[in-house]
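The values are calculated or read from the model by the stated rules, or taken from the named source; none is laboratory data. Just so you know, these numbers come straight off a predicted model, no measurement behind them. Ideal geometry is used to build each Cβ from the backbone, glycine not excepted, and the neighbour counts take in all protein chains shown.
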Amino acid sequence: MSHLRDHNNVRSTEKQAEGWLKKTDVSGLSGKFKAWLYQHSLLPRLMWLMTVYEVPLTAVEGVELKINSHLRRWLGIPPGFTSVGLYIRSGQLQLPFSSLVEEFQVAKCRVAMTFRDSRDNKVGEAGIKTRSGRKWEASASLALAERNFKDIIGAPCTGRQGLGMIHFQEWGKANPVERRAMVQAVVRGLEEERSKAKVVGLGPQGAWTRWDLPKRKVTWADLWRLEPCQISFLLRAFYDTLPTPVNLHRWGMRDDPTCKLCRQKGTMAHILSGCKTTLAQGRYRWRHDKVLTTS
């Protein structure tokens, strides 16, 4: 019966995930269609397998690394593009992809709550544990999430809002389904905070954390309208991974980081809209008019 051990099933799941990614990669579809297959076909299949078996978080992270590599290639972005940019939900640019690690943590917490709060006393008192390795435990994350709910605090007011303007779901009055939804929201929020903390230290790719601009949420409808080169340019421009003079100098591919036209520092903002020489010569206007004439 050794073939029924979870260790073997975890290895089998990892091989299945790698096989699915390879089949999608050689399918002949465009990159955005391959990304859609990951989100709506491959991810649900993986979540079912990883919820049934006792999969450690390190194995889930290993599978996500392979997914990230394929998503970068399908979207036309470089290998050094941060994975936070693919999955973050509260950033300045939000893509319609879900993180395997985040979905795994949410699913494990949901399963743990289902066993613990079961209406069957025998199931609730059985002490069933949801194991997920040493790096992360569902029970500890669940306890941390539940500590965030204190009915004595009540609903906080924002700005000049008066009493009763915000609907507040009290933990004590919530049913099991509502409690699970509240805990899952907190678990997602904790993972989001960890992603933000990671991206702050990324330098140029984390510069958007200091921007005071409206957020943009890219939907699937937006991706269908955009050409592959436009998707690539949007992501690379936002996270400053375009081959600007400054980036080429940083990557060791150019000795001079200045703009050839005005000899100023050739940052991304300078090249796209800040070069005075380009503005005086009408190059920005020509580029704009060219787009209008070809569209």
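Observations on the structure shown:
- Failed item in (1) within 20 Å of LEU75 (Cα to Cα); (2) touching a residue at least 40 places away in the same chain (Cβ under 8 Å); (3) among the aliphatic types (A, V, I, L, M); (4) surrounded by fewer than 14 Cβ atoms within 10 Å (Cβ to Cβ), with LEU213 passing the rest: (1)
- Taken together, VAL55, VAL60 contain a single residue that is in contact with a Phe, Trp or Tyr (Cβ under 7 Å, 6 or more places away or on another chain) and β-branched (Val, Ile, Thr), which is VAL60.
- Filter result (under 30 Å from ALA221 (Cα atoms) and small (Gly, Ala, Ser)) within region 12-61: ALA17, GLY19, SER27, GLY28, SER30, GLY31, ALA35, SER41
- Filtered by the rule that a residue be in contact (Cβ under 8 Å) with a residue 40 or more places away in the chain and buried (at least 17 other Cβ atoms within 10 Å of the Cβ), region 14-42 gives GLU14, ALA17, LEU21, THR24, GLY31, LYS32, LYS34, ALA35, TRP36, TYR38.
- On the stretch given as region 261-283, residues that are in contact with a helix residue (DSSP H, G or I) (Cβ under 8 Å, 6 or more places away or on another chain) and over 19 Å from ASP240 (Cα atoms) total 3.
- GLY203 meets all of the listed conditions (1) surrounded by 11 or more Cβ atoms within 10 Å (Cβ to Cβ); (2) under 22 Å from MET268 (Cα atoms); (3) at pLDDT below 85 but one, namely (1).
- Pairs are defined by a Cβ separation below 6 Å, a sequence spacing of at least 6 or placement on different chains, a first member in region 52-63 that is touching a residue at least 24 places away in the same chain (Cβ under 8 Å) and closer than 17 Å to GLU18 by Cβ, and a second member that is in a helix (DSSP H, G or I) and of a type in the set (Phe, Trp, Tyr); the pairs so defined are VAL60/PHE104.
- GLU191 meets the conditions (1) under 17 Å from MET268 (Cβ atoms); (2) surrounded by 16 or more Cβ atoms within 10 Å (Cβ to Cβ) in every case but one. The failed one is (1).
- Selected residue (criterion: nearest to THR219 (Cα to Cα)) from residues of region 93-118 that are in contact with a Lys or Arg (Cβ under 7 Å, 6 or more places away or on another chain) and surrounded by fewer than 18 Cβ atoms within 10 Å (Cβ to Cβ): GLN94
- The one condition in (1) surrounded by fewer than 20 Cβ atoms within 10 Å (Cβ to Cβ); (2) free of Cβ contacts under 8 Å to residues at least 60 places away in the same chain; (3) in contact with a helix residue (DSSP H, G or I) (Cβ under 9 Å, 6 or more places away or on another chain) that LYS122 fails to fulfil: (3)
- Of the helices (runs of 4 or more DSSP H) lying entirely inside region 16-109, those containing at least 2 residues that are at pLDDT 95 or above and over 30 Å from GLU178 (Cβ atoms) are 31-37, 57-75.
- Those helices (runs of 4 or more DSSP H) lying entirely in region 174-282 with at least 3 residues under 16 Å from the mean Cα position of the chain (by Cα) and among the acidic types (Asp, Glu): 176-200
- Tally, over region 227-278, of residues that are within 23 Å of VAL199 (Cα to Cα) and of a type in the set (Ser, Thr, Tyr): 5
- Any hit, region 230-238, residues being touching a residue at least 12 places away in the same chain (Cβ under 8 Å), among the hydroxyl-bearing types (Ser, Thr, Tyr) and in contact with an Asp or Glu (Cβ under 9 Å, 6 or more places away or on another chain): no
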